[in-house]
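The values are calculated or read from the model by the stated rules, or taken from the named source; none is laboratory data. Remember, predicted model here, so these are calculated numbers, not experimental data. With ideal geometry, Cβ positions are generated from the backbone for all residues, glycine too; neighbour counts draw on all protein chains shown.
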Amino acid sequence: MVESIRLTFRLHRFELLILAGFTALVVVAALVVAGRLDGLGYGPCAQVMETYTRSCEVLAQRFYAMDSREATPVLTLAAMLPYAFGLFLGAPIVAREIERGTTRLAWSIAPSRLRWYILRTAPIVVVVVLLAFVAGMAADRLFAARSPGVDISNAFDGYGYRGGLLAVQALVITAGALGLGTVVGRLLPTIIIALVLGILGIDLVGKLHEQYTRREAIIVADDGEIRGARYIDQFFELPDGRLVGWNELAEIDPAAMESEMGPQYPMVALVVPGERYREVEAREAIVLTGIAAVMLIGAGVIVRRRRPG
């Protein structure tokens, strides 16, 4: 078993070194930028807006300029990691061997195709999840630095682009690329199809989960400082207590929409409180992990049944 795992790492040595180096670069950059943002000392200004001074305004300009210039590119790279792992580590596991014809020999001498599949797959999946988790934790730290005054463990800031969800996304994209590889049997088409389906699939799961989460949202005053909550929608509150959107208000009270000052009705927001972040994150992670498990099992079944060529 040890020799088989070592062989697996040797077969993917180039990809592993490149992606591990890329992950290390993202992690170091995230920690450095987070430290630089913290070093500006903007936190107290962001927390106590009532005592906002001219010096706070200067700090805010520097803070948001650094955030845009340095933090945003780093977080963009971190968001790309799950796709990089899936396409360049997950796709080649079976597809490249089928394309090269090495499965004919490997499957003929292996005691069990399923055992061969597990020994080829498990080490790569473990490495992918670990590397993506480290990157997710670094992204967590950076999001905390760019959201001063917010308890990031109880806030939806950067939801889906940090923490454990980054690792789960890497897992599901790797599993999907691996499964496609067992069907397609060619590396380049597998990478292209996996990229398209990965983007669409992650987006679809996120939107479906958001619709489910919408049912758990609550109404709060929209005072512009709903920090940490997951914003769902915005409404006007009429004198009779009804909540209406912009289009409905235009039908009910056209004059309010034509006023130079805009509608004067109180505004409320539909939000999921930040305290529910961990619960919502865990639920989406469970769904994505289940999808990944199904795809990994399906790929194993295909490996057992398909012809080597």
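Scan the range 46-64 and tell me whether some residue there is more than 30 Å from residue 19 (Cβ to Cβ), surrounded by 18 or more Cβ atoms within 10 Å (Cβ to Cβ) and not hydrophobic (A, V, I, L, M, F, W, C). Among the residues of the range 46-64, not one is more than 30 Å from residue 19 (Cβ to Cβ), surrounded by 18 or more Cβ atoms within 10 Å (Cβ to Cβ) and not hydrophobic (A, V, I, L, M, F, W, C), which makes the answer no.
Please verify whether the range 3-23 includes one or more residues that are more than 18 Å from the chain's Cα centre (by Cα), on the phi > 0 side of the Ramachandran plot and in contact (Cβ under 8 Å) with a residue 40 or more places away in the chain. Taking every residue of the range 3-23 in turn, none turns out to be more than 18 Å from the chain's Cα centre (by Cα), on the phi > 0 side of the Ramachandran plot and in contact (Cβ under 8 Å) with a residue 40 or more places away in the chain.
Taken over the range 205-245, the criterion of being in a strand (DSSP E or B) and either among the hydroxyl-bearing types (Ser, Thr, Tyr) or in contact (Cβ under 8 Å) with a residue 40 or more places away in the chain (or both) is satisfied by 218, 219, 220, 221, 230, 231, 232.
The helices (runs of 4 or more DSSP H) located wholly in the range 89-172 that include 3 or more residues which are farther than 21 Å from residue 28 by Cβ and modelled with pLDDT under 85 occupy 102-109.
Criterion first (at pLDDT 85 or above and surrounded by fewer than 11 Cβ atoms within 10 Å (Cβ to Cβ)) does residue 200 satisfy it? Here the answer is yes, as residue 200 does meet what is asked. For the condition farther than 30 Å from residue 161 by Cα and charged (D, E, K, R), residue 251 qualifies.
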